[in-house]
Amino acid sequence: MIQVNAMGDTCPVPVVKTKNAIRDLNGAGVVETLVDNAIAVQNLTKMANQKGYGVKSERLAENRFKVIMTIGEGAAPPEPTQDECCLISPPGTQKNTVIVIDDDRMGDGSDDLGKTLMKGFIYALGQLDTLPKMLLFYNGGVVLACEGSPCLDDLNSLQAQGVNILVCGTCLNFYDLADKLQVGEVTNMYVIAETMTQADLIVKP
């Protein structure tokens, strides 16, 4: 049995941690995941049902839950799917997938929530079996590649895995961040336009 502590972790970390634990089983076994919210329980239960794993959950205390998955012999390792939590589906056969990020937050509404979602999105990219070819940052998105960004560890990990990261130089100058860049290379609008028009798939969170 493998125990996973995902207490305090935001989406999609509990799902990713559990997937990794299931892979570590390398066969049949049980994975128990501790989480602190009902949404995480639902996401984990949905993943288990999609993969045909046995699953049950227990409420241990207020804001403390345990999800128990039983994986049988011959079960395939879990792959990311579009419906699981907020993970995007892997590009699959796409050869040139480009992620474009033009803000430091994701979606409309709460700015704090939007920043949390964007951090989770960038983390999730690094957990995909098929990584994007390139990340393009422009306008307000450039701050994510600069000093003080909460995404630097995940971006550095993506870059180390071979993902190209390009950051708009005009945008860095506009926000007075030219000397704060921590990850990626400075680029220009011609290269950004060329990269986007030649992409097989463009994803904008």
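Computed from the coordinates by the stated procedures, all read-outs in this text should not be read as laboratory data. All values derive from a computational prediction rather than experimental measurement. Virtual Cβ from ideal backbone geometry, glycine too; neighbours counted across all protein chains shown.
Some notes on this structure:
- For the stretch 97-203: rounded, prolate or oblate by the Cα gyration tensor [a/c cutoff 1.5]: rounded
- Computed helical MRE - 222 nm, the chain, DSSP H runs ≥ 4 contributing -39500 (n - 2.57), nearest 500: -9500 deg cm²/dmol
- Placing dummy labels 7 Å off each Cα toward the beta-carbon, the span from residue 38 to residue 61 is 2.0 nm.
- Contour excess over end-to-end distance, with Cα ends at residue 193 and residue 180 and 0.36 nm allotted per residue: 2.3 nm
- Largest GNM mean-square fluctuation among 157, 110, 149, using the chain with Cα springs under 10 Å: 110.
- Among beta bridges that DSSP assigns inside the chain, antiparallel share in %, nearest 5: 45 percent
- Extension reserve of the residue 164-residue 50 stretch, reckoned as 0.36 nm per residue once the Cα distance is removed: 37.8 nm
- The modelled label-to-label distance between residue 173 and residue 110, using points 7 Å beyond Cα along the C-beta direction, is 3.9 nm.
- Using the Cβ-Cβ distance between residue 2 and residue 152 with R0 = 22 Å, the FRET efficiency computed as 1/(1 + (r/R0)^6) comes to roughly 0.15.
- Violating pairs (Cα-Cα greater than 19 angstrom) within the set 17/66; 46/115; 51/115: 46/115; 51/115
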